[in-house]
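The structure appears right after this line, and notes come after that.
The values are calculated or read from the model by the stated rules, or taken from the named source; none is laboratory data. This structure is a prediction, so every number in the text was calculated from the model and none was measured. Neighbour counts are summed over all protein chains in view; Cβ atoms, including those assigned to glycine, are modelled from backbone coordinates with ideal geometry. Surface accessibility is based on the protein's heavy atoms, side chains included, excluding ligands, DNA and RNA. Shrake-Rupley method; radii C 1.70, N 1.55, O 1.52, S 1.80 Å.
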Amino acid sequence: MAERLLYEGKAKKVFTTDEEGVLLHRFKDDATAFNAKKRGSWAGKGRANAAISAAVFEYLEANGIPTHFIERVDETTLKTRRLEMLPVEVIVRNVAAGSLARLIGYEEGTELKAPIVELCYKDDALGDPMLNWYHFRELGVSDADLEFCEELGLRVNGLLWPFFDERGIVLVDFKIEVGRDAGGTLMLADEISPDTCRFWDKTSGEKLDKDRFRRDLGGVEEAYEDMLRRVTG
Ligand SMILES: Nc1ncnc2c1ncn2[C@@H]1O[C@H](COP(=O)(O)OP(=O)(O)O)[C@@H](O)[C@H]1O
Ligand SMILES: [Mg+2]
């Protein structure tokens, strides 16, 4: 099957194939943080993220969430439907961490009264700023699409919280992306992995996600392997 590179991002290479409307996402071992100002790489990262994403998408599909996922084709590659992506990053938070802790002056680790949804504009040059609905309207994103994003984020959170809780993990927060297929159907896209979620061990509080890389905490490879075992083991 002829693969053509469609897009190379920070964490994945995306290919078209001979199959119309289908993409391959090859997960790289590269890691970036702080809008790609910090870069790194380690063996096994792509494999861990592909396998974790595949397992999470399968679980979400089985529970009624429409996703782009078709199948995992090899250790680092997922086959998905090809979508027109919304320029939106949907963040859902259960516990204050990172930018939210700074934004509202909470100590990191403070449990939130209810999940908080944030909508960010997916634009590297602008640093993916958090915007409100007025800004998104100005940028041409419809209210109906934003409503879908928020509802999808909360539904995914409602399913992922118990999924990770059973595996001894607090789902602190996560980011998802949304796209539309040729028929106009919106669905969950991109990836769900330790790159895009904050995972804290329920008993020790240990961070098992990309914050180990961002904050130079060490043990980043082990953390991704631990999450892989917990999700697929
Ligand atoms: N089903 C899909 N169809 C089309 N594009 C997608 C789909 N899922 C994810 N994408 C896009 O493919 C790219 C994935 O590569 P990635 O390395 O994550 O990029 P980035 O550096 O933008 O985060 C992202 O731009 C993402 O929005
Ligand atoms: Mg990405």
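Observations, loosely collected:
- Whichever residue in segment 119-139 is within 16 Å of ligand 2 (Cβ to nearest atom) and open to solvent by 60 Å² or more (accessible area, probe 1.4 Å) and, among such residues, is nearest to Ile176 (Cα to Cα): Lys122
- Test: residue in segment 136-148 that is in contact with a Pro (Cβ under 9 Å, 6 or more places away or on another chain) and closer than 28 Å to Leu208 by Cβ: no
- Subset of segment 140-153 that is of a type outside the set (A, V, I, L, M) and more than 17 Å from the chain's Cα centre (by Cα) - its residue that is most open to solvent (accessible area, probe 1.4 Å): Glu147
- Hits in segment 34-55 (condition: within 12 Å of ligand 2 (Cβ to nearest atom), buried (at least 16 other Cβ atoms within 10 Å of the Cβ) and under 18 Å from Asp211 (Cβ atoms)): Asn49
- Residue list for segment 88-120, filter: charged (D, E, K, R) and either more than 17 Å from Ile192 (Cβ to Cβ) or touching a helix residue (DSSP H, G or I) at 6+ places or on another chain (Cβ under 6 Å) (or both): Arg93, Arg102, Glu107, Glu108, Glu111, Lys113
- Note on segment 163-172: among residues that are open to solvent by 10 Å² or more (accessible area, probe 1.4 Å) and within 17 Å of the chain's Cα centre (by Cα), the one that is nearest to ligand 2 (Cβ to nearest atom) is Phe163.
- Close pairs (6 angstrom Cβ cut-off, 6 or more residues apart or separate chains): more than 17 Å from Leu188 (Cα to Cα) in segment 131-157, modelled with pLDDT of 95 or more anywhere: Leu131/Tyr121; Trp133/Leu146; Phe136/Leu146
- Picking from residues in segment 177-202 that are part of a loop (DSSP other than H, G, I, E, B) and under 20 Å from Arg72 (Cα atoms), the one that is nearest to ligand 1 (Cβ to nearest atom) is Asp190.
- Figure legend. Inter-residue proximity from segment 108-129: first residues without any contact (Cβ under 8 Å) to a residue 24 or more places away in the chain, second residues surrounded by 13 or more Cβ atoms within 10 Å (Cβ to Cβ) and part of a strand (DSSP E or B), beta-carbon distance below 7 Å, spacing 6+ or different chains. Indicated pairs: Thr110/Val95; Glu111/Val95; Leu112/Arg93; Leu112/Asn94; Leu112/Val95; Pro129/Cys120; Pro129/Tyr121.
- Count - residues of segment 199-226 that are under 17 Å from Ala50 (Cα atoms), surrounded by fewer than 23 Cβ atoms within 10 Å (Cβ to Cβ) and in contact with a strand residue (DSSP E or B) (Cβ under 7 Å, 6 or more places away or on another chain): 0
- His135 fulfils the conditions (1) in the same structural domain as Lys202 (by TED's automatic domain parsing); (2) in a loop (DSSP other than H, G, I, E, B) except for a single criterion, (2).
- Matching residues in segment 81-93 - criterion: being open to solvent by less than 70 Å² (accessible area, probe 1.4 Å) and more than 15 Å from the chain's Cα centre (by Cα): Leu83
- Tallying residues that are within 14 Å of ligand 2 (Cβ to nearest atom), in a loop (DSSP other than H, G, I, E, B) and surrounded by fewer than 17 Cβ atoms within 10 Å (Cβ to Cβ) within segment 7-27 yields 2.
- Any hit, segment 39-48, residues being assigned to a strand (DSSP E or B) and either touching a Ser or Thr at 6+ places or on another chain (Cβ under 9 Å) or within 17 Å of Lys175 (Cα to Cα) (or both): yes
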